[in-house]
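Undergrad: Can you read through this structure? Questions will come right after.
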Ligand SMILES: [Zn+2]
Ligand SMILES: [Zn+2]
């Protein structure tokens, strides 16, 4: 039995591109809320923008309830701010309720990061290609060749489908507001291949949870 997913297809964007779209790296679209750029709860430096996913009602593929989009930020500053931990103050998954603006929000101090050649300094546009996961191939942890082939086919960078686990099994997450279980929203392989970034969302669109694991 296969499980449908949306594979993320990345294309580099010119720096001047400010269209409201699904984005990875570079800068996010300016949000409509009167809210400043998010800061890291540990080092207090501005967080780095990771990914922007539009909700289904706004031309995107993510099921985010009434939210217009999800904007994920994480601390890629020097120092160990444990951005990868569930509920860490070193990451922030913002669900926006107002429409995004066709202009880019600038990170205070620029979007440089301490990670050498961090591809997040470059802006990518995301488009989605319909596909499906074979749960048996994904869970075939003993067959490295099969896993690598699946990796090549891009099943990590996707929305929905079957999550690929890092070095620990996924735990069940629940929304802190409605106490219902959260659903797997998507995952991304970090640019340096070190981390798998996971997103889970409340089915009612209350919140999105982020964590990362060693790939
Ligand atoms: Zn930090
Ligand atoms: Zn909820």
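Undergrad: Identify the residue in the stretch 36-57 that is in a strand (DSSP E or B), within 16 Å of ligand 1 (Cβ to nearest atom) and under 16 Å from residue 70 (Cβ atoms) and, among all such residues, is farthest from the chain's Cα centre (by Cα).
TA: 48
Undergrad: Here's a check for you: in the stretch 66-82, which residue that is modelled with pLDDT of 90 or more and within 12 Å of ligand 1 (Cβ to nearest atom) is farthest from residue 129 (Cα to Cα)?
TA: Only one residue fits best here, namely 81.
Undergrad: Any residue at all in the stretch 28-35 that's surrounded by 21 or more Cβ atoms within 10 Å (Cβ to Cβ), in a loop (DSSP other than H, G, I, E, B) and touching a strand residue (DSSP E or B) at 6+ places or on another chain (Cβ under 9 Å)?
TA: yes
Undergrad: Collect the residues in the stretch 183-212 that are more than 16 Å from ligand 2 (Cβ to nearest atom), surrounded by 19 or more Cβ atoms within 10 Å (Cβ to Cβ) and in contact (Cβ under 8 Å) with a residue 60 or more places away in the chain, keeping them in residue-number order.
TA: Correct list: 186, 188, 195, 197, 211, 212.
Undergrad: Also, quick follow-up: All but one of (1) modelled with pLDDT under 95; (2) surrounded by 14 or more Cβ atoms within 10 Å (Cβ to Cβ); (3) in contact with a helix residue (DSSP H, G or I) (Cβ under 8 Å, 6 or more places away or on another chain) hold for residue 63; which doesn't?
TA: Result: residue 63 fails condition (1) only.
The values are calculated or read from the model by the stated rules, or taken from the named source; none is laboratory data. The structure displayed is predicted, hence computed values, not measured ones. Positions of Cβ are generated from backbone atoms using ideal geometry, with glycine treated the same way; all protein chains shown enter the neighbour counts.
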